[in-house]
Amino acid sequence: MTVRTRFAPSPTGFLHIGGARTALFSWAYARRHGGSFILRIEDTDVARSTPEAVQAILDGMQWLGLEHDEGPFYQMQRMDRYKAVIAEMLASGSAYYCYMSKEELDTLRAAQEARKEKPRYDGRWRPEDGKALPPPPEGVAPVVRFRNPVAGAVGWQDLVKGRIEFANAELDDFIIARADGTPTYNFCVVVDDRDMQITHVIRGDDHVNNTPRQINLLQALGAPVPQYAHLSMILGDDGQKLSKRHGAVSVMQYDEEGYLPEAVLNYLARLGWSHGDDEVFDMERFVSWFDLDHITASAAQFNTEKLNWLNAHYIKQADPQRLANEAGRRLGRQQVGFEGGPAPSRVAALYRDRVANLNELADAMHPYYSLPKPGAELLAQHLTETARTALAMLRERLSDCPWQAADLGQAVKQTAAAAGLKMPQLAIPLRVVLLGLPQSPSIDSVLEVLGRERVIARLESALGS
RNA sequence: GUCCCUAUCGUCUAGAGGCCUAGGACAAUACCCUUUCACGGUAUGAACCGGGGUUCGAAUCCCCGUGGGGACGCCA
């Protein structure tokens with residue numbers, strides 16, 4: 001049997017980090033076993049689903065590189081199929097019409113809660129042998145409920161959490177079709193998982209309570225029951241649960257904040273899953289290692305600092321040209337272009353092991369492509385008379401110096417010595433003049449990359465000569 | 001309230017009864033490297049929620065408690 005997994009988000013918002021990890025694990029499991037990964041959009045909540053959210057989810061998946069093999073399937077386009085199954089169930093007696101109004105239900109639930117009972121439907125419209133049902137009220141559109149077994153228990157061997165079992169007495173007859181005829185979540189999932197021949201349902205922890213209902217439904221339909229793996233949730237950096245109001249951000253936000261997708265992927269893979277002591281690995285290796293046995297059963301707290309570390313690691317390894325392109329994309333938003341400046345990939349190479357994200361890289365590259373404007377305080381502190389004298393000497397020396405880091409380093413050192421200064425006493429003013437900053441990579445490589453013309457122009461402009 | 005899940009350093013985790021005086025990573029601290037700032041290197045501190053069992057032996061198995069989380073929708 002070939003493995004078939006699915007990621008089934010509802011398009012009511014962006015793809016957040018928890019959803020991304022669920023997608024990653026489903027994707028990896030399918031890849032690991034040479035199976036198929038299916039994308040299904042669960043948009044039956046017409047009031048809250050939006051096309052923008054669908055696009056946001058697609059964008060997020062694409063940015064991460066989680067490609068699906070089938071789909072995206074949209075549940076709203078499968079209405080006829082759901083309605084046909086509901087009709088079958090009504091005919092076979094595994095589902096029935098319920099004429100209870102929302103108000104009556106609310107009253108029932110309130111009374112149950114007042115008695116400290118678990119709120120649930122009381123089965124008043126459920127047909128039983130020898131039970132007299134009231135006549136259907138006039139003008140009330142009924143919902144359709146699933147006739148859940150009353151006795152025994154329903155359970156499964158969860159691939160993450162082990163054996164889980166629920167007493168059927170805990171489950172009530174849930175609604176499978178609303179009064180307007182549209183099917184509900186638990187029902188659509190079951191029909192789709194069956195029709196799409198899903199073998200492994202990998203989803204969030206919050207669905208554990210839906211699973212027994214779905215299994216009962218599957219069995220009523222005579223369908224095979226897939227394997228289930230429930231992933232525990234991801235908590236925010238502060239240990240609080242993630243929600244729209246608190247801490248949950250779109251994966252695309254990570255792009256904006258300068259993270260590389262491979263860093264986010266690697267971080268997510270390690271959050272709740274492990275392979276011994278391995279921390280840094282690419283997706284190819286992840287897929288070859290991935291299994292459900294090493295997923296943690298308890299919730300995990302998101303740690304931005306570790307993500308930052310991984311991001312810095314991947315930036316150090318990244319191709320300078322790619323980094324330059326990413327920085328260029330960002331600088332472009334600030335109306336800064338690479339035209340007329342030093343080779344972007346050389347500048348990126350100078351900074352790639354000094355920055356933790358792409359925004360920092362863009363900031364670092366900025367002064368290479370537009371004249372820096374050091375603040376008055378910085379100038380006053382570093383451009384002292386002695387410094388200016390030494391810089392003037394250096395300017396002379398640089399006009400005929402071979403333009404190679406080693407020679408340039410020598411030139412700076414010798415100038416400092418000739419002026420009676422320590423190396424930093426010349427190098428730092430030089431940095432301020434060239435880049436507008438007191439720190440930079442080694443001064444010889446900065447000179448080399450910036451180029452003779454620009455260096456001399458910036459020196460002369462600073463010295464007012 | 002009821003049901004379900006869960007519990008190792010601050011954080012992510014290794015650990016499938018003896019390999020554990022509990023390992024790795026991030027973070028922290030110290031030192032080294034160094035023309036600055038970073039990077040990098042080395043070292044240090046830091047944990048098995050509590051109580052009962054089972055066993056020659058328990059971080060690992062069982063029970064109870066406690067903490068945390070989820071669910072109880074004509075949302076998904």
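Coordinate-derived values only; no laboratory data. What you are looking at is a predicted structure, and each value in this text was computed from that prediction instead of being measured. For neighbour counting, all protein chains shown are included, and Cβ atoms are generated from backbone atoms with ideal geometry for every residue, glycine included.
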Q. Which order results if A:THR50, A:THR2, A:THR44 are arranged by neighbouring Cβ count within 10 Å, fewest first?
A. A:THR2, A:THR50, A:THR44
**Q.** Degrees between helix A:423-435 axis and first principal axis of chain A (Cα, 0 to 90, nearest 10)
**A.** 60
Q.
Can you give me the C-alpha center-to-center distance between region A:284-336 and region A:411-465, rounded to a whole angstrom?
A. 35
Q.
Order these by the 10 Å Cβ neighbour count, fewest first: A:SER399, A:SER10, A:SER101.
A. A:SER399, A:SER101, A:SER10
Q: State, as an integer percentage, the relative contact order of region A:305-432 based on alpha-carbon contacts under 8 Å between residues 6 or more apart.
A: 22
Q: Using a cut-off of 13 Å between beta-carbons, work out the net charge of the residues near A:ARG6 (Lys and Arg +1, Asp and Glu -1, A:ARG6 not included).
A: -2
(Q) Could you work out [θ]222 nm for chain A from helices alone, using -39500 (n - 2.57) per DSSP H run of at least four and dividing by all its residues? Round to the nearest 500 deg cm²/dmol. (A) -14500 deg cm²/dmol
Q) When Lys and Arg each count +1 and Asp and Glu each count -1, what net charge do the other residues less than 10 Å away from A:GLN404, Cβ to Cβ, add up to? A) -3
Q.
Largest first and in whole Å, what are the equivalent-ellipsoid semi-axes of region A:165-287 based on the Cα gyration tensor, each being the root of 5 times an eigenvalue?
A. 34, 19, 15
Q: May I ask for the angle, rounded to the nearest 10°, between helix A:405-418 and the longest principal axis of chain A, with both axes built from Cα atoms and the value confined to 0 to 90°?
A: 50
**Q.** Relative contact order for region A:154-250, counting Cα pairs under 8 Å that sit 6 or more residues apart, in percent
**A.** 30
Q: Count the net charge of all other residues whose Cβ sits under 14 Å from the Cβ of A:PRO320, scoring Lys and Arg as +1 and Asp and Glu as -1.
A: +2
**Q.** Under 30 Å between alpha carbons - lysine pairs in chain A that sit 8 or more apart or on different chains
**A.** 24
Q. What residues qualify as long-range amide H neighbours of A:ARG147, i.e. H under 5 Å apart, gap of 5 or more or another chain, H built at 1.01 Å from N?
A. A:ALA95, A:TYR96
Q.
Tell me the angle of helix A:17-32 to the major Cα principal axis of chain A, expressed in degrees between 0 and 90 and rounded to the nearest ten.
A. 80
Q. How high is the relative contact order of chain A, in percent, counting Cα pairs under 8 Å that sit 6 or more residues apart?
A. 12
**Q.** Part-to-part distance (alpha-carbon centres) for region A:8-29 and region A:36-50, which is given in Å
**A.** 12
Q: Scan around A:TRP273 for amide H atoms under 5 Å from its own, H built in the peptide plane at 1.01 Å from N, and keep only partners 5 or more places away or cross-chain.
A: A:THR296
